[in-house]
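Below is one structure, written out as structure tokens; the observations come after it.
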Amino acid sequence: MKAAGMAAAGAGLTQAPFNASAGTGSAGLPALLGGQKAHAKGWPAWPRWIPETDEADLLKVLRSGIWSRAGVVSEFERRWAEAMGAKRCLAVVNGTNALVTALAQLDVGAGDEVILPPYTFIATAQSVLMNGAIPVFCDVDPATYQLDPKKIEAKITPKTRAILPVHILGLPADMTAIMAIAKKHNLLVVEDACQAWMAEINGKKCGTFGNAGCYSFQNSKNMAIGEGGAIVSDDEAFMDRCYSYHNYGNAYGTAVGAVGAGTAMLGTKLRYTEYQAAMGLAQLARLGPESALRHANAEYLKGKIKDIPGIAPYTLSPGVTRAAFHLLPFRYNKAAFHNMPRATFLKALSAEGVPCSSGYAPLNKMAYVKHAFSTKNFRRMYAPAELDYAAWLERSQCPENDRLCEEAVWLSQNLLLADRAAMDDIANAIAKIHAGAEKLAKA
Ligand SMILES: Cc1ncc(COP(=O)(O)O)c(C=O)c1O
């Protein structure tokens, strides 16, 4: 059935390839043109909160009146470090400030360049600029969506201090290759694992390859606490500094609220609350099984859509034993869909009952870097030639990323918590749109 269907789709016939019933009646017509939805059932809600299992410990915290950082936060940190396979963890207010703190406490700052991919959330680049360093964008591999290790060395200069790989969409970056480059050039590595909780390469968790790994627990995340973040590392002295930094610069171990214990270094306040930690512990209890389900469903769905013309699913980096799939991406080639724009494809897929989006715009072309270069701090830190924005922009071109930003389609992680029949529905929806692309493109 599948093979015959693929042949039909390949020949451009208006027949859906995967679903015997899809080629007949209104079921075969794209929902956007009035046909039946491929998936009418809805999707698992996100975030999840299960009163029976999640509420008792949170209520205990709320009723205790101890809401600032105390024992539950320490317990969360211990458990997160253990889950990631790291020696230490520090919970902080969010993923953005986890990155800012990690870079600051590795002394990445004025005069330094940090190599990072442009296919990421804005916080990755802002964390570099917030420390007074200059982001140097390195192109991505469109198959994996990750920083392309083959292109990193061309970006290294005497000013390069660190590489900031991002395990974007929850798909691990090629850390084996990246760590080899970092070692060869004596560079620091801070991993943005803000979308990659529990993802692993050869059984080792993302966030534990470099000097530090940073996570986000913001509301949409697979590990959702509303807001929250964490840093992990095996480097005790570094983690002590991170702790101090997140607690006004007070010496590590200083009791929360204790005054007069002495303030050792420059710092700010980024502390986690007890109720965030209680919520986090509840979410962490489910993270393992949910991650395994997402991975299994993603690979199943990939198998079902990989032969649809014009649909190129993700490729995992070498050695990946689990991806987190915060988002499931594929690339859409409109040439195989009668030149139907991606925006119409997204509309058609949404109409089939499959929520989807287009993802990131090129981060290397937005105005924030120009603004940062114009600030008083940057003008005091750098010579005018070093803040030549046109030259920076020229050096930051990433054509593969530009294409990826135009072609990517994202499905969000909660879809991957549904059952196999729902994965079949997604595949059928895409196949139906492919089969009906000529009509859709004209509509
Ligand atoms: C890749 C990436 N980096 C950093 C962040 C920042 O995390 P937060 O929103 O918790 O500050 C996010 C999340 O939003 C992210 O997706």
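The values are calculated or read from the model by the stated rules, or taken from the named source; none is laboratory data. These figures come from a predicted structure and were not determined experimentally. Note: ideal-geometry Cβ built from the backbone for every residue, glycine included; neighbour counts use all protein chains shown. Accessible surface is based on the protein model in full, side chains and every heavy atom, while ligands, DNA and RNA are left aside. Shrake-Rupley method; radii C 1.70, N 1.55, O 1.52, S 1.80 Å.
Is it true that Ala196 is open to solvent by less than 20 Å² (accessible area, probe 1.4 Å) and among the small types (Gly, Ala, Ser)? Yes; evaluated as a whole, the condition is true for this residue. Taken over the stretch 91-108, the residue count meeting the criterion of being free of Cβ contacts under 8 Å to residues at least 60 places away in the same chain and not aliphatic (A, V, I, L, M) is 1. Taken over the stretch 106-145, the criterion of being of a type in the set (Val, Ile, Thr), assigned to a loop (DSSP other than H, G, I, E, B) and within 26 Å of Thr315 (Cβ to Cβ) is satisfied by Thr120, Thr144. The number of residues in the stretch 146-156 that are crowded, with 20+ Cβ neighbours inside 10 Å and part of a helix (DSSP H, G or I) comes to 1. The set of residues from the stretch 202-246 being in contact with a Pro (Cβ under 7 Å, 6 or more places away or on another chain) and crowded, with 24+ Cβ neighbours inside 10 Å comprises just one member, Cys206.
Every residue, every condition in (1) over 30 Å from Ala427 (Cβ atoms); (2) outside any loop (DSSP other than H, G, I, E, B); (3) open to solvent by 60 Å² or more (accessible area, probe 1.4 Å), yes or no:
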| site | (1), (2), (3) |
| --- | --- |
| Gln36 | no, no, yes |
| Ala40 | no, no, yes |
| Trp43 | no, no, no |
| Trp46 | no, no, no |
| Glu52 | yes, yes, yes |
| Val61 | yes, yes, no |
| Trp67 | yes, no, yes |
| Ser74 | yes, yes, no |
| Glu77 | yes, yes, no |
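When the criteria are applied in full, Gly95 meets the requirement of being closer than 23 Å to His371 by Cβ, within 14 Å of the ligand (Cβ to nearest atom) and of a type in the set (Gly, Ala, Ser). The strands (runs of 3 or more DSSP E) found wholly in the stretch 157-217 and carrying at least 2 residues that are more than 16 Å from the ligand (Cβ to nearest atom) occupy 160-163. Here is a list: Ser244, Ser233. Which entry is over 23 Å from the mean Cα position of the chain (by Cα), of a type in the set (Gly, Ala, Ser) and either within 16 Å of the ligand (Cβ to nearest atom) or farther than 21 Å from Pro118 by Cβ (or both)? Step by step, each of Ser244, Ser233 is checked, and only Ser244 is over 23 Å from the mean Cα position of the chain (by Cα), of a type in the set (Gly, Ala, Ser) and either within 16 Å of the ligand (Cβ to nearest atom) or farther than 21 Å from Pro118 by Cβ (or both).
Can you name the number of the only condition in (1) open to solvent by 20 Å² or more (accessible area, probe 1.4 Å); (2) under 21 Å from Arg322 (Cα atoms) that Gly170 fails? Of everything listed in (1) open to solvent by 20 Å² or more (accessible area, probe 1.4 Å); (2) under 21 Å from Arg322 (Cα atoms), Gly170 misses just condition (1). Being touching a residue at least 24 places away in the same chain (Cβ under 8 Å), surrounded by fewer than 19 Cβ atoms within 10 Å (Cβ to Cβ) and of a type in the set (Gly, Ala, Ser) is a description that applies to Ala336.
Within the stretch 112-136, residues that are at negative phi have Cβ atoms under 6 Å from residues that are hydroxyl-bearing (Ser, Thr, Tyr) and more than 12 Å from the ligand (Cβ to nearest atom) in these pairs: Glu113/Thr160, counting only partners at least 6 apart in sequence or on another chain. When the stretch 116-153 is filtered for residues that are of a type in the set (S, T, N, Q) and either within 12 Å of the ligand (Cβ to nearest atom) or more than 15 Å from the chain's Cα centre (by Cα) (or both), the ones remaining, listed by number, are Thr120, Thr124, Gln126, Ser127, Asn131, Gln146.
Does the stretch 424-431 contain any residue that is of a type outside the set (A, V, I, L, M, F, W, C) and within 26 Å of Thr160 (Cα to Cα)? No - not one qualifying residue is present in the stretch 424-431. Considering only residues that are under 17 Å from Phe345 (Cα atoms) and open to solvent by 10 Å² or more (accessible area, probe 1.4 Å), look in the stretch 406-434 and name the one that is farthest from the chain's Cα centre (by Cα). Across the stretch 406-434, the extreme among qualifying residues is His434. The single condition among (1) open to solvent by less than 40 Å² (accessible area, probe 1.4 Å); (2) over 30 Å from Asp57 (Cα atoms); (3) not polar (S, T, N, Q) that Lys302 does not meet is (1). Here is the figure for the stretch 247-281: residues that are on the phi > 0 side of the Ramachandran plot and of a type in the set (Ser, Thr, Tyr) total 1.
Restricting attention to the stretch 222-257 and to residues that are assigned to a loop (DSSP other than H, G, I, E, B) and of a type in the set (Asp, Glu), the residue that is farthest from Gln195 (Cα to Cα) turns out to be Asp235. Looking only at the stretch 80-102, residues that are part of a helix (DSSP H, G or I) and touching a helix residue (DSSP H, G or I) at 6+ places or on another chain (Cβ under 6 Å) come to 4 in all.
Conditions tested, residue by residue: (1) crowded, with 17+ Cβ neighbours inside 10 Å; (2) touching a strand residue (DSSP E or B) at 6+ places or on another chain (Cβ under 6 Å); (3) under 28 Å from Ala441 (Cβ atoms).
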site: Ile308; (1), (2), (3): yes, no, yes
site: Ala324; (1), (2), (3): yes, no, no
site: Phe330; (1), (2), (3): yes, yes, yes
site: Arg342; (1), (2), (3): yes, yes, yes
